[in-house]
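Peer 1: Sharing a structure here in structure tokens format.
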Amino acid sequence: MTKFLKGQEQPIYSTRAHVFQIDPNTKKNWMPTSKHAVTVSYFYDSTRNVYRIISLDGSKAIINSTITPNMTFTKTSHKFGQWADSRANTVYGLGFSSEHHLAKFAEKFAEYKEAARMAKEKSLEKMELASSPSQESPADIHSPLTPPVTADLCRINGTGDDVTLSDVSPNSMLQSDLSPTTPTLAHSPATNKHWEAELAALKSNNAKLTAALLESTANVKQWKQQLAAYQDEAERLHKRVSELESQSSQTNVIKSQKTELNQTIEELECTLKAKEEEMVRLKEEVENAKQLQTQKDELTKKLEDTDLRNKELEEQLADLEQRLESSQVDQESLRKNLKTLLEILDGKIFELTELRDNLAKLIEDS
């Protein structure tokens, strides 16, 4: 942190947000520069009278942006805002947790931007005062485009009037210094040497002033080129802001369309899920139907086998009935035969009994 906060720079407002930067290749997509919300702070450097936005992710500075009067903070949604930094050649974006935090950050941005504008105006006023001619102190004249004019330059013209380098040429200075001394040069050798020394000093001063004038002219050209470059950059940024604003309006339309598409997709996903569930249910029913068909086939086959078995049993039963009838007839015939035999046997037994009785009587009688 100390590497970025030198001198009297102190934090004056802090908040937390997700930090993004515009993709340098596409200039359209946002690239996150922090994995999570980080602290974003406004800092004020009282020494240079400068406001900066600084954010660190660990030891890495992901935002180091100096606020200038030309900057504009734009709210692109309820929780997102952005601004362009021409010095860093990028566009920063911040995503806040609530609309209140975004509004507070934007309010501070506008406040410090106005303070930066006023500080710049005061600085320009001081430079204009320093560069304007002064009747009281010619030796302290300064200009942002030329080096300060000293009292030696005033003595070159032989007067105490105010001058600037743009009003003095090397030839005019040399002639103005030589003209009052020409009549005196012929009076004495001592005066001659004195004026020759003065002439050499004037030539030396003249060479120095010429070099300073050329350097100032070069600086003016360089500053004009820089000013033109800054104007081109400002125009480019204005165009870019217009493009971003149009893209922002298009983004809102796209977001609404995206929301509708998301809702349609969700509805279709629900319908698809219901269809998939119904398909699974139908597959289960088909499997159950197949199993029932298999069971039906098995039962049909068993039924056919049972019918055949029943037929065989019926035939066997009929055969047994016939046998039973035949057996009953045979038994009736046998019973009759046995009865006949029994009757015969009874007769024979009776006869034998009589025979026994007769024999017993014979034995008794004998």
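The values are calculated or read from the model by the stated rules, or taken from the named source; none is laboratory data. The model shown is predicted, which means the values in this text are computed figures rather than measured ones. Every residue, glycine among them, receives a Cβ derived from its backbone with ideal geometry; neighbour counts consider all protein chains shown. Side chains are part of the model used for accessible areas, which takes the heavy atoms of the whole protein and leaves out ligands, DNA and RNA. Shrake-Rupley method; radii C 1.70, N 1.55, O 1.52, S 1.80 Å.
Peer 1: If only Cα atoms are counted, what is the Rg of segment 258-366, and what is its Dmax, in Å?
Peer 2: My reading of the Cα-based Rg and Dmax gives 44.3, 149 Å.
Peer 1: Here is a further query. Under a straight-distance cross-link criterion of Cα-Cα below 12 Å, which aspartates and glutamates are reachable from Lys301, leaving out those fewer than 8 residues away in the same chain?
Peer 2: Candidates past the 8-residue exclusion: nothing left.
Peer 1: Could you sort His36, His238 by accessible area so the largest value comes first, with the probe set to 1.4 Å?
Peer 2: Largest accessible area first, the residues go His238, His36.
Peer 1: Between segment 12-64 and segment 258-308, what is the separation of their alpha carbon centroids in Å?
Peer 2: Rounded to whole Å, the Cα centres lie 59 Å apart.
Peer 1: Run the reach check for Lys348 against aspartates and glutamates, Cα to Cα strictly under 16 Å, same-chain hits fewer than 8 apart removed. What comes back?
Peer 2: Asp357
Peer 1: Pairs Lys27/Lys108; Lys28/Lys258; Lys60/Lys104; Lys75/Lys255; Lys120/Lys221; Lys79/Lys108: which are spaced more than 21 Å apart, C-alpha to C-alpha?
Peer 2: From the list (Lys27/Lys108; Lys28/Lys258; Lys60/Lys104; Lys75/Lys255; Lys120/Lys221; Lys79/Lys108), the Cα-Cα distance tops 21 Å for Lys27/Lys108; Lys60/Lys104; Lys120/Lys221.
Peer 1: Enumerate the whole-percent occupancy of each 10 Å bin, from 0 to the last occupied one, for all C-alpha pair distances of segment 266-319.
Peer 2: For segment 266-319, the binned pair fractions read 21, 22, 18, 15, 11, 8, 4, 1 percent.
Peer 1: Quick one: net charge of Leu268's neighbours, Cβ under 14 Å, K/R +1, D/E -1?
Peer 2: -3
Peer 1: Kindly report, to the nearest 10 Å², the accessible surface of Glu278 as traced by a 1.4 Å probe over protein heavy atoms only.
Peer 2: My reading of the accessible area for Glu278 is about 80 Å².
Peer 1: Further question: Trypsin sites (Lys or Arg not before Pro) within segment 236-277: which are DSSP loop residues with at most 12 other Cβ atoms inside 10 Å?
Peer 2: Numbers: sites: Arg236, Lys239, Arg240, Lys255, Lys258, Lys273, Lys275; in loops: none.
Answer by residue number: there is no such site.
Peer 1: On to the next question. Counting each pair of different Cα atoms once, what's the Kirkwood radius of segment 1-113 in Å, rounded to one decimal?
Peer 2: 14.3 Å
Peer 1: Run the 1.4 Å probe and let me know the accessible area of Trp30, rounded to the nearest 10 Å².
Peer 2: Probe radius 1.4 Å; accessible area of Trp30 about 80 Å².
Peer 1: Could you rank Trp223, Trp195 by how accessible they are, 1.4 Å probe, largest area first?
Peer 2: Greatest to least solvent exposure: Trp223, Trp195.
Peer 1: Around Phe96, under 12 Å between beta carbons, what's the net of Lys plus Arg minus Asp minus Glu among the other residues?
Peer 2: On the way: positive: Arg16, Lys75, Lys79, Lys104; negative: Glu99.
In short, +3.
Peer 1: Same structure again: Could you work out how far apart the two model spin labels at Thr353 and Ala197 are, taking each label as a point 7 Å from the Cα in the direction of the beta carbon, and quote it in nm?
Peer 2: Computed distance between label sites Thr353 and Ala197 equals 20.8 nm.
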